[in-house]
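J.: Provided herewith is a single structure, encoded as structure tokens, for subsequent inquiry.
The values are calculated or read from the model by the stated rules, or taken from the named source; none is laboratory data. Everything numeric here is computed off the predicted structure, so don't read it as measured data. All Cβ positions, even for glycine, are placed from backbone atoms using ideal geometry, and neighbour counts span all protein chains on display.
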2 protein chains.
Amino acid sequence: MSASTWVPGAAGSLFDVDNLPYGVFSRPGEEPRVGVRIGDHVVDLAPIAAAEMLDVHHVFEEPSLNPLMAAGRQVRESVRTWVTGLLVDETERDLVEPSLLPLAELTLHLPVDVADYVDFYASEHHATNVGRIFRPDGEPLLPNWRHLPVGYHGRAGTVVASGTPVVRPTGQRRGGSPTATPTFGPSARLDIEAELGFVVGVGSELGSPVSYDAFADHVFGVVGLNDWSARDIQAWEYVPLGPFLGKSFATSVSHWVTPVEALDAAWVDLPGQLPEPLPYLGPGATRGLDIDVEVMVNGEVVSRPPYRTMYWSPAQMLAHLTVNGASLRTGDLFASGTISGPEPDQRGSLLELGWGDESAFLADGDDVVLRYTAPGVRGGRIALGEVAGRVEPTRG
Amino acid sequence: MSASTWVPGAAGSLFDVDNLPYGVFSRPGEEPRVGVRIGDHVVDLAPIAAAEMLDVHHVFEEPSLNPLMAAGRQVRESVRTWVTGLLVDETERDLVEPSLLPLAELTLHLPVDVADYVDFYASEHHATNVGRIFRPDGEPLLPNWRHLPVGYHGRAGTVVASGTPVVRPTGQRRGGSPTATPTFGPSARLDIEAELGFVVGVGSELGSPVSYDAFADHVFGVVGLNDWSARDIQAWEYVPLGPFLGKSFATSVSHWVTPVEALDAAWVDLPGQLPEPLPYLGPGATRGLDIDVEVMVNGEVVSRPPYRTMYWSPAQMLAHLTVNGASLRTGDLFASGTISGPEPDQRGSLLELGWGDESAFLADGDDVVLRYTAPGVRGGRIALGEVAGRVEPTRG
């Protein structure tokens, strides 16, 4: 379908009909429900779907995308076709217009009821930079890094919607010497991690791995994600069981979930993998996404990480996550880890951008916004949801 | 209340009226709902609560304990008083008896809709044993271990009820040399970890830590827990972000959740903590639970770990988990980590019991049962829920 949309201001914008991300919105005094974004409007899908007697109309009346996502790939594709038709066909205008709500009048919510949250470490440039900063005399990459997408579970209950203030976490930090008592107080090294998140729509059975080539059957769409990190808390706590309180205070995700079909034109070959990964990771079939990220701090762009430079692919992360038989659930979220490109101005964390300089970390009141764009299927670009957050001082 | 119960066979048993754990059961063709165990029976609470017009009667009609747990400490205490009255007062017998169901006729389910799952590492003996096995020439405990309860997030979606078969996980294991390609296949070092789990009833606000002295306001009760572990997968993957696929294939919990009031007589002083922990960990107020654990493999007791020998207390784990402002949700589960006592026959994992001997790990078809008892408030002992699981061969 190449016809233009009749929605005012949408044609040619970053939220044209080749985008159509899903989110959860509410109006004052009303319950949150599912909408789709077009230009600077949100289509309130529930009344239109009910009027047209869609058999899945109830999924749009829910306060999260989970029921829509659980309905599966075929429903996701047919709903997208239906919504596209509503927005390009002038004869649908009378039906749709009463449900076309100006974005500025709506409250947006966390779009997904997050089941499990897993964070990977899939950028070679990021892992190498971190290795060089923390272990300047050793090999920057650990022996397992090129054999598997290293990952860990994060806290699902503190995944918050873009715009939620982030309270500076308090915790233990290493003392002045290895035997000194640790210090305690607000983190002095509060950082960001610019990432991409993948949201699972269709779950899987316990004991049965999911193949890398079943990615689009299980993954519903993509979110922007900021994995806020307290580097001083993390550095003291993380041996031997990994990051915990240095990460678990907040992870912000975009209001909008971009369905995988909107990214059909964004797939590119990854830079390459040596040594060749094991067969379950689908060596040679490693496709990444050509998504450009912008990291803005207090209104200034401080970095432009390119997602196409990642080492491990989204499908490889999914295959690895389940190769031990771990089941997937609707609402599972897995993220890429910090996106860093090869150039100094392509790094996705302040740790790397400042290369250990203490003044590089976030101050109270700082505003962080992550923005994402990708090639659209019509030849232009589409925007993914942005991720904003302001640092608030420690309470009490 | 010291009167005896009228329920046949229950008085003097490990499930007397000083125990009364909650679970979720179903009968053929019926929906799962909440029950309380007395002797070898389950009280179907929903019809009795409805007949007596309890204002919280709806929480017993649910397929998980979460709504009951979310109702808070006061409701938990008053429901316990009410149930105790039903079971000791002969005049209630006619009301209750139609809802007193033989345990053998019921299917038991996962009792909790698990929100986030956190696993700690709170036994000094376990951490020391593991350190000695893996780092024979170094200090067995890492520098942070005596300053904070080390923990990490596990996979909530693969927490399963006792009795669920555990499929042997497949994954990558370290190759023959540091530069060799890793091997791939079913884990050859499948292990157990005998633990105690704590279930959160009442959540907390993002950005606001929970004090150690608010333990019983937030924690509803205790479960038995087996943190199945694939040591070979874990050893290769765990640097630098901690255990992932070596743990995420399955974590088994008991069908029964023992409310904290049933453990009022089980609190004991912990062995002691040096150096003194930071103030947020409540130094000097560190109370543990005198719970005896039995580890049975194929019907034989292989170990008797004593929970009273743990280093970090349940309240300290809760305070640490939230000190960074991480919020709690109803259904959060946090576990102690492997319970190991000072003696060789008190170790809670096969890794420690076999001290690295490969033949000590689990074979396909092996049955593991963890059993737990504690002092009851009437002077005898109560049983916590047991945790059973049989190892099934890798699929495919």
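J.: Can you tell me which residues in the range A:205-216 are within 13 Å of chain B (Cβ to nearest Cβ) and crowded, with 21+ Cβ neighbours inside 10 Å?
T.: A:207, A:209, A:210
J.: Pick out, from the range A:1-103, the helices (runs of 4 or more DSSP H) lying fully within it that include 2 or more residues that are of a type in the set (Gly, Ala, Ser), closer than 29 Å to residue A:379 by Cβ and out of contact with any Pro (no Cβ under 9 Å at 6 or more places or on another chain).
T.: On the way: elements: A:45-51, A:66-70, A:73-88, A:93-96.
It comes to A:73-88.
The rows are residues; the columns are (1) more than 19 Å from residue B:192 (Cβ to Cβ); (2) under 17 Å from the mean Cα position of the chain (by Cα).
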| site | (1), (2) |
| --- | --- |
| B:93 | yes, no |
| B:100 | yes, no |
| B:109 | yes, yes |
| B:119 | no, yes |
| B:130 | no, no |
| B:143 | yes, no |
| B:153 | yes, yes |
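J.: Limited to the range A:355-396, what total is found for residues that are of a type in the set (D, E, K, R) and within 14 Å of chain B (Cβ to nearest Cβ)?
T.: 4
J.: Out of curiosity, is residue A:169 touching a residue at least 60 places away in the same chain (Cβ under 8 Å), touching a helix residue (DSSP H, G or I) at 6+ places or on another chain (Cβ under 7 Å) and more than 28 Å from residue A:357 (Cβ to Cβ)?
T.: Numbers: touching a residue at least 60 places away in the same chain (Cβ under 8 Å): yes; touching a helix residue (DSSP H, G or I) at 6+ places or on another chain (Cβ under 7 Å): yes; more than 28 Å from residue A:357 (Cβ to Cβ): no.
No; evaluated as a whole, the condition is false for this residue.
J.: Further, regarding this structure: Restricting attention to the range B:146-174, which residues are on the phi < 0 side of the Ramachandran plot and more than 9 Å from chain A (Cβ to nearest Cβ)?
T.: If the condition is that a residue be on the phi < 0 side of the Ramachandran plot and more than 9 Å from chain A (Cβ to nearest Cβ), then B:146, B:149, B:159, B:161, B:162, B:173 are the ones that fit.
J.: Does the range A:242-273 hold any residues that are within 14 Å of another protein chain (Cβ to nearest Cβ), more than 22 Å from residue A:111 (Cα to Cα) and buried (at least 23 other Cβ atoms within 10 Å of the Cβ), and which are they?
T.: Across the range A:242-273, the qualifying residues are A:242, A:243, A:244, A:245, A:246.
J.: Here's another thing I want to ask about it. Out of A:222, A:302, A:293, I need the residue that is assigned by TED's automatic domain parsing to the domain that holds residue A:372, without any contact (Cβ under 8 Å) to a residue 60 or more places away in the chain, in contact with a helix residue (DSSP H, G or I) (Cβ under 7 Å, 6 or more places away or on another chain) and assigned to a strand (DSSP E or B). Which one? First the steps, then the outcome.
T.: Values: A:222 fails: without any contact (Cβ under 8 Å) to a residue 60 or more places away in the chain; A:293 fails: without any contact (Cβ under 8 Å) to a residue 60 or more places away in the chain.
Within the list A:222, A:302, A:293, the selection yields A:302.
J.: How many of the residues making up the range B:50-85 are farther than 19 Å from residue B:256 by Cα and either touching a Phe, Trp or Tyr at 6+ places or on another chain (Cβ under 6 Å) or of a type in the set (D, E, K, R) (or both)?
T.: Number of matching residues: 2.
J.: Condition check: over 21 Å from residue A:190 (Cβ atoms) and either touching an Asp or Glu at 6+ places or on another chain (Cβ under 7 Å) or among the acidic types (Asp, Glu) (or both). Does residue A:306 satisfy that?
T.: So residue A:306 fits the description; yes.
J.: List the number of the failed condition for residue B:98; all other conditions in (1) over 30 Å from residue B:204 (Cα atoms); (2) touching a Ser or Thr at 6+ places or on another chain (Cβ under 9 Å) hold.
T.: Unmet condition: (2).
J.: Taking the range A:115-145 as the search range and keeping residues that are farther than 26 Å from residue B:322 by Cβ, in contact (Cβ under 8 Å) with a residue 24 or more places away in the chain and among the β-branched types (Val, Ile, Thr), which one is farthest from the other protein chains (Cβ to nearest Cβ)?
T.: For the range A:115-145, the residue satisfying everything is A:133.
J.: Related question: Name the residue, out of B:373, B:338, B:394, B:330, that is assigned to a loop (DSSP other than H, G, I, E, B) and within 14 Å of residue B:195 (Cα to Cα).
T.: B:338
J.: Which one is farthest from residue B:298 (Cα to Cα) among residues in the range B:376-391 that are part of a loop (DSSP other than H, G, I, E, B) and of a type in the set (Gly, Ala, Ser)?
T.: Filtering the range B:376-391 for residues that are part of a loop (DSSP other than H, G, I, E, B) and of a type in the set (Gly, Ala, Ser), the one farthest from residue B:298 (Cα to Cα) comes out as B:379.
J.: Separate question: Out of (1) within 14 Å of another protein chain (Cβ to nearest Cβ); (2) free of Cβ contacts under 8 Å to residues at least 40 places away in the same chain; (3) assigned to a strand (DSSP E or B); (4) not aliphatic (A, V, I, L, M), what's the single condition that is false for residue B:276?
T.: Result: residue B:276 fails condition (3) only.
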